[in-house]
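In what follows, a single structure is set out as structure tokens and then discussed.
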Amino acid sequence: MANRLQTEQIQRWMAQGKSPEQVFGLLKLNKLLPISWMSSDLFSKPGLTTWIKYLDDFNEANPDKKTTLISILSSRYSDKALANMLIEANKVQSTSSIAKRIQAEQIQLWLKIGKKPEDIFTLLQLEKAGDTLFENPLFSAWIKYADDFRLLHNTDLATMPTLTNHYSDEVVAKMIMKAYENPNTKNIAKRLESELQRDWLFAKQSPYDAFIIMNLDKTLDNVFEKPLFHIWYNYGLYVNKMNLGENWNPAAALTYIYGGDGKLADVLMAAEKVPSTKAMATEMQNWQVTLWLHRMMKPERVYSLLRVEGAAADGASRYLYREYVGAYEEVKRILSRNAS
């Protein structure tokens, strides 16, 4: 009965040419609420869906007088208040679809008036999301907004500068590694790691600088267990790819950081025996052998550094040593041939 009466009332309003703004008031959706009121109040009112339906019908019947949800709501609420309302409404299943529609309109309005991505980041309270930031649906919406803003207004990419204004590089790197673990956020992680690499490169941060920035120098005892080590390693490979100066060798950097070939070799051999760090340790050992070969280190010295004596016949140290000796002899033959 109530629904039938409401339908009849709406039909009367439509026949009378009532605007969506007027119907918003007639449905008492503009009733003043106390300061402590949270957004779910408006979005849970039955009158809201009625009003949205009225607005859609009105626009269809009056194409020359079309209006939008956001234009009416933004005339009644500040950007911050409305953003907060939408954040809360997004958390409730029954109101999330309405919130998403209004949010989409809000984003288009912000783009039109040139609202900066940095300001939107704060409006959406994304600086409070912590290490779950990349899982937040609003973050994905913000990323798209930042991209659209850049294309529309021909500005620099704002995503990484905004993130590092609110979080340290170390925290951002940790977020990226955590996001790689979730299939839903893996693509965002990949993109943002690329942006972090680019920003470090533009800022002339060396791989060594990145190691210090992420405080990896404070975890040398178990550095290969740290997810951030992968960020560091990938950055060094990126620097190599960009062909800036000498080719970067992570073993050379780690030799300096650990204070010598022997200390690093010991750390790598220990890490190679741990299942969770075996793959990375093995890769670093290959880099270390390449470094020694570049220096043409004597096989006797390598034998000592790898602690081959007493090692198992099928152990990693014996394998590395055999590989090294073979490569060393090959380089010697090439050098001898070129000299003659």
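The values are calculated or read from the model by the stated rules, or taken from the named source; none is laboratory data. Predicted, not measured: the structure shown is a model, and the values here were computed from it. Positions of Cβ are generated from backbone atoms using ideal geometry, with glycine treated the same way; all protein chains shown enter the neighbour counts.
Count, please, the residues in region 253-267 that happen to be in contact (Cβ under 8 Å) with a residue 40 or more places away in the chain and either under 30 Å from the mean Cα position of the chain (by Cα) or buried (at least 19 other Cβ atoms within 10 Å of the Cβ) (or both).
Count: 5.
For region 16-120, please list each of the helices (runs of 4 or more DSSP H) lying entirely inside it that holds at least 1 residues being under 30 Å from Y167 (Cα atoms), of a type in the set (A, V, I, L, M) and at pLDDT 90 or above. Can you show your working first?
Working: elements: 20-26, 40-43, 46-61, 69-73, 79-90, 93-113.
It comes to 93-113.
Please identify the pairs in which a residue from region 147-168 that is within 11 Å of P117 (Cα to Cα) and of a type in the set (D, E) has its Cβ atom under 7 Å from the Cβ atom of a residue that is surrounded by 13 or more Cβ atoms within 10 Å (Cβ to Cβ) and modelled with pLDDT of 90 or more, counting only partners at least 6 apart or on another chain.
That search, which allows pairs on different chains as well, returns D148/L111.
Is it true that some residue in region 113-127 is over 23 Å from H153 (Cβ atoms), out of contact with any strand residue (DSSP E or B) (no Cβ under 8 Å at 6 or more places or on another chain) and among the hydrophobic types (A, V, I, L, M, F, W, C)?
If we filter region 113-127 for residues that are over 23 Å from H153 (Cβ atoms), which is where we start, we get 125.
Pick out the ones that are also out of contact with any strand residue (DSSP E or B) (no Cβ under 8 Å at 6 or more places or on another chain) and you get 125.
Filter once more, so that each one left must be among the hydrophobic types (A, V, I, L, M, F, W, C): none.
Checked against the condition, which is being over 23 Å from H153 (Cβ atoms), out of contact with any strand residue (DSSP E or B) (no Cβ under 8 Å at 6 or more places or on another chain) and among the hydrophobic types (A, V, I, L, M, F, W, C), region 113-127 yields no hits at all.
Suppose we filter region 52-70 for residues that are within 18 Å of K100 (Cβ to Cβ) and in contact with a helix residue (DSSP H, G or I) (Cβ under 6 Å, 6 or more places away or on another chain); how many remain?
Result for region 52-70: 4.
Of all residues being among the charged types (D, E, K, R) and either outside the structural domain of K273 (by TED's automatic domain parsing) or within 40 Å of the chain's Cα centre (by Cα) (or both) in region 290-340, which is farthest from G260 (Cα to Cα)? Just the residue, please.
Here is the first cut: in region 290-340, the residues among the charged types (D, E, K, R) are 295, 298, 300-301, 307, 309, 314, 318, 322-323, 329-330, 332-333, 337.
Then keep just the ones that are either outside the structural domain of K273 (by TED's automatic domain parsing) or within 40 Å of the chain's Cα centre (by Cα) (or both); that gives 295, 323.
On the way: R295: 14, E323: 21 Å.
The qualifying residue farthest from G260 (Cα to Cα) is E323.
For region 299-320, enumerate the residues that are loosely packed, with under 14 Cβ neighbours inside 10 Å and part of a loop (DSSP other than H, G, I, E, B).
Answer for region 299-320, where residues must be loosely packed, with under 14 Cβ neighbours inside 10 Å and part of a loop (DSSP other than H, G, I, E, B): E309, G310, A312, A313, D314.
Here is a list of conditions, (1) free of Cβ contacts under 8 Å to residues at least 12 places away in the same chain; (2) farther than 28 Å from M175 by Cβ; (3) in the same structural domain as K332 (by TED's automatic domain parsing), and N243 meets all of them except one; can you say which number that is?
In the conditions (1) free of Cβ contacts under 8 Å to residues at least 12 places away in the same chain; (2) farther than 28 Å from M175 by Cβ; (3) in the same structural domain as K332 (by TED's automatic domain parsing), N243 misses (3) alone.
Looking at region 179-236 only, could you name the residues that are among the charged types (D, E, K, R), surrounded by fewer than 21 Cβ atoms within 10 Å (Cβ to Cβ) and part of a helix (DSSP H, G or I)? Can you show your working first?
Quick first cut of region 179-236, residues among the charged types (D, E, K, R) only: 181, 186, 190-191, 193, 195, 198-199, 204, 209, 217-218, 221, 225-226.
With surrounded by fewer than 21 Cβ atoms within 10 Å (Cβ to Cβ) added as a condition, the list becomes 181, 186, 190-191, 195, 198-199, 204, 209, 217-218, 221, 225-226.
Matches in region 179-236: K186, K190, R191, E195, R198, D199, D209, D217, K218, D221, E225.
Within region 138-156, take every residue that is out of contact with any Ser or Thr (no Cβ under 9 Å at 6 or more places or on another chain) and within 22 Å of L73 (Cα to Cα) and give me the one that is surrounded by the most Cβ atoms within 10 Å (Cβ to Cβ).
Of everything passing the filter in region 138-156, Y145 is surrounded by the most Cβ atoms within 10 Å (Cβ to Cβ).
Under 7 Å between Cβ atoms, which residue pairs at least 6 apart in sequence (or on different chains) link something in region 112-131 that is touching a residue at least 24 places away in the same chain (Cβ under 8 Å) and farther than 20 Å from I102 by Cβ with a partner that is outside any loop (DSSP other than H, G, I, E, B) and charged (D, E, K, R)?
Listed by first residue and then by second, the contacts come to D131/K174; D131/K178.
Just one of (1) assigned to a helix (DSSP H, G or I); (2) modelled with pLDDT under 95 trips up L163, so point out which.
If we test L163 against (1) assigned to a helix (DSSP H, G or I); (2) modelled with pLDDT under 95, just (2) comes out false.
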